[in-house]
1. For a quick check of understanding: with a 1.4 angstrom probe and all protein chains in place, what accessible area in square angstrom does Asp58 have, to the nearest ten?
2. Tally up the carbon and sulfur contribution to the accessible surface of the stretch 144-227 as a whole percent, 1.4 Å probe, everything protein left in place.
3. Using the beta-carbon distance between Ser43 and Glu123 and R0 = 35 Å, what value does 1/(1 + (r/R0)^6) give for FRET efficiency, to the nearest 0.05?
4. May I ask for the percentage of alpha-carbon pairs in the stretch 1-114 that lie more than 23 Å from each other?
5. Could you tell me which of Ala211, Leu186, Pro163 has its Cα farthest along the dipole of the stretch 155-220 towards the positive end, charges placed at Cβ (Lys, Arg +1; Asp, Glu -1), taken about the Cα centre?
6. Using unit Cβ charges (K, R positive; D, E negative) and no other charged atoms, how large, in debye to the nearest 20, is the dipole of the chain about its Cα centre?
7. Return the single residue from Asp108, Asp192, Asp176 with maximal mean-square fluctuation; model: Gaussian network over the chain, springs between Cα atoms under 10 Å.
8. How large is the accessible surface per residue of the stretch 103-194, computed with a 1.4 Å probe and reported in Å² as a whole number?
Amino acid sequence: MPATIRVENVSRIYRVGQQERQALKAVSLSVGAGQIVVLRGRSGSGKTTLLNCIGGLDRPNGGYIWVADQEITQLSEQRLVQLRRQQIGFVFQSHALLPTYSARENVDLMLRLTNAPRSKRQERVEQVLQLVGLGKWMDHRPHELSGGQQQRVAIARALAPRPAVILADEPTGELDSATGQQILALFRQIADVEKATILIATHDLAADAFADAVFHLADGRLAIRNA
Ligand code: ADP
Ligand code: MG
């Protein structure tokens with residue numbers, strides 16, 4: 001299976017004053033279409049840095065990253081913006097939905113950045129909201145939804161432009177464990193149905209059951225746990 005994400009020998013060094021902190025050390029991994037990889041590791045081990053480098057929000061100091069056949073570490077800021085819109089969906093711990101917008105409007109926001117005509121957008125918005133189980137909640141605003149439902153809207157928003165890759169940083173961090181399990185099951189469904197490649201950084205041990213592979217980061221170094 002061709003890899004949708006390929007990371008080769010990536011390092012990231014942060015300089016804070018005179019100090020250097022190596023957040024990623026020679027990290028390599030590859031993930032194929034429709035696969036879910038879980039990234040585990042204690043706080044400060046480099047999970048967010050790795051997701052940000054793959055998502056084009058941060059740049060490595062060394063190494064290469066391919067996202068959907070495109071090597072991204074040397075791209076201009078403008079091309080990175082384009083890549084993020086077209087190929088990458090982000091899901092964070094805190095969903096950051098617009099409070100005065102309905103679920104439907106929050107999801108459409110991302111699609112409006114593409115040139116898709118209104119009717120096509122509406123069709124896709126309804127399709128992804130159905131997929132995440134919010135068919136009956138499309139016209140509700142975030143405060144009328146539960147935490148788990150709000151995270152579902154955020155996932156639908158990330159998914160709407162049909163990105164090749166979804167990057168989820170602690171997506172169940174603010175949810176109770178039963179709701180977290182449902183969100184993880186939803187990621188599995190999205191990988192299977194939409195063939196999206198999903199990388200989940202999480203402390204949640206329940207995530208392993210939904211993953212094709214689990215990687216462990218310790219002090220910026222990556223080791224595979226199981227595959
Ligand atoms: P995790 O997501 O696993 O908690 P991070 O990727 O956030 O880990 O952080 C990895 C290391 O890099 C930590 O030592 C952290 O302090 C450091 N770090 C992360 N972002 C920055 C930054 N913007 N400036 C300086 N150091 C940073
Ligand atoms: Mg983090």
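1. Looks like 30 Å² after rounding.
2. On the way: 1580 of 3350 Å².
Carbon-and-sulfur percentage of accessible area, whole number: 47.
3. Values: r = 41 Å, r/R0 = 1.18.
The pair Ser43/Glu123 has a calculated efficiency of 0.25.
4. On the way: 2481 of 6441 pairs.
Cα-Cα pairs of the stretch 1-114 separated by over 23 Å account for 39 percent.
5. Pro163
6. Numbers: 27 positive and 22 negative charges, 85 e Å.
Roughly 400 debye for the chain.
7. Per the Cα network of the chain with a 10 Å cutoff, Asp176 tops the list.
8. Working: 4340 Å² over 92 residues.
On a per-residue basis, 47 Å².
The values are calculated or read from the model by the stated rules, or taken from the named source; none is laboratory data. What you see is a predicted model; the values in this text were computed from it and never measured. Note that we place each Cβ from the backbone using ideal geometry, even for glycine, and neighbour counts take in every protein chain shown. Ligands, DNA and RNA are stripped out before the accessible areas are found, and what is left, the full protein with its side chains, is counted by its heavy atoms. Shrake-Rupley method; radii C 1.70, N 1.55, O 1.52, S 1.80 Å.
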